[in-house]
DNA sequence: CTTTTGGTTTTGCTATTAACGAACCAAACT
DNA sequence: AGTTTGGTTCGTTAATAGCAAAACCAAAAG
């Protein structure tokens, strides 16, 4: 009776963790949620000369509908990767890649490892009473690796930032 | 006439680059191609005690069909994250997370930045004759960032590896 | 005030994907 | 040989994603 309660309790705990880790892996896969068209749009803007293009030029180059371009632009604008400006006396918007935000977005992505570290630590904690310590050692190596990487990465990012400030 | 040829030639070049970068961003989004079920399967195996489970137990816990589990297992096996073994005198396979491969896969993922660096360098090279040097400077910052990070990362990885050897 | 321009929003279609059920198969047991 | 066990493979189906057509809208131009 006691045993059964413990077992179902344990299972509920596992289900909770499974959900959490499962969602993380699922998200990780989709990550930036960039569609094929948005990808090509970004590529077009980053390569084009001048590095800003209006709505019509974009539809022409990518041979896509207005609605699709509008949607793709909206997505890229929301992520900050793309913004626009206008010339006075010209109603058209000119869209361009915001290279500063691009940099920020990339920096953010590198922080992803921190989340993975947290999960790995949770896993190890979860397994601590298991008698399969050989397996746990494997998990521990992963935790150590993430620790090493996140710390090193944090360090790299800070150094780079301060380097930028001093040479500005 | 000359001008027209140059223009169309340039456009073809852009199309080529757009395709390349577009595909990269698209891939990056999908990355590991892990399905929701595969994610939960991995999570279950990494949390379960003992850290190996047979086919039936997996279907029971995840409440999924045999075919779905079989497919998810195949995907995880192909990536190397999961493998199996048998006990002699027991026909069932016991599936488990291969923590060593997990580590390797994570290390590989960190190398992704190298590809991005290559692309960013190509972009800068592609833009070198543009008169919009202010924009190009923004791209250059991104290139420098990737350079800094890939080098630092390479360094981190090597240090970690040699550290592992010495403490083994 | 009506028309045009430069987009956006809504709605619907199509292709892809995730998961399933059923049939199937090889190995082991009877 | 026939049956059971432990899966795999092959269509199908349901959900989702990506794109487009059409209707819409605000601001500027006529």
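Residue A:77 meets each of the listed conditions (1) in contact with a strand residue (DSSP E or B) (Cβ under 8 Å, 6 or more places away or on another chain); (2) away from DNA strand C (no atom under 12 Å from the Cβ) apart from (2).
For residue B:77, the test of being modelled with pLDDT of 95 or more, assigned to a helix (DSSP H, G or I) and either within 9 Å of DNA strand D (Cβ to nearest atom) or over 20 Å from residue A:19 (Cβ atoms) (or both) is passed.
Would you call residue B:64 more than 8 Å from DNA strand D (Cβ to nearest atom), modelled with pLDDT of 95 or more and assigned to a helix (DSSP H, G or I)? Here the answer is no, as residue B:64 does not meet what is asked. Residue B:113 fulfils the conditions (1) modelled with pLDDT under 95; (2) within 30 Å of residue B:56 (Cα to Cα) except for a single criterion, (2).
Taking the criterion of being more than 14 Å from DNA strand D (Cβ to nearest atom) and either in contact with a strand residue (DSSP E or B) (Cβ under 7 Å, 6 or more places away or on another chain) or assigned to a loop (DSSP other than H, G, I, E, B) (or both), the residues of the range B:89-116 that qualify are B:97, B:98, B:111. For the range B:26-61: of the residues being part of a loop (DSSP other than H, G, I, E, B) and touching a helix residue (DSSP H, G or I) at 6+ places or on another chain (Cβ under 6 Å), which is nearest to DNA strand C (Cβ to nearest atom)? Among residues in the range B:26-61 that are part of a loop (DSSP other than H, G, I, E, B) and touching a helix residue (DSSP H, G or I) at 6+ places or on another chain (Cβ under 6 Å), the one nearest to DNA strand C (Cβ to nearest atom) is B:34. Checked against (1) away from DNA strand C (no atom under 12 Å from the Cβ); (2) in contact (Cβ under 8 Å) with a residue 24 or more places away in the chain, residue B:92 passes all but condition (1).
Count of the range B:108-119 residues, restricted to those that are within 20 Å of residue A:164 (Cβ to Cβ) and at the interface with chain A (Cβ under 9 Å from one of its Cβ atoms), is 2.
The values are calculated or read from the model by the stated rules, or taken from the named source; none is laboratory data. Predicted model, so just to flag it, every value in this text is computed and none were measured. Counting neighbours? That spans all protein chains shown, and the Cβs are built from the backbone with ideal geometry, glycine included.
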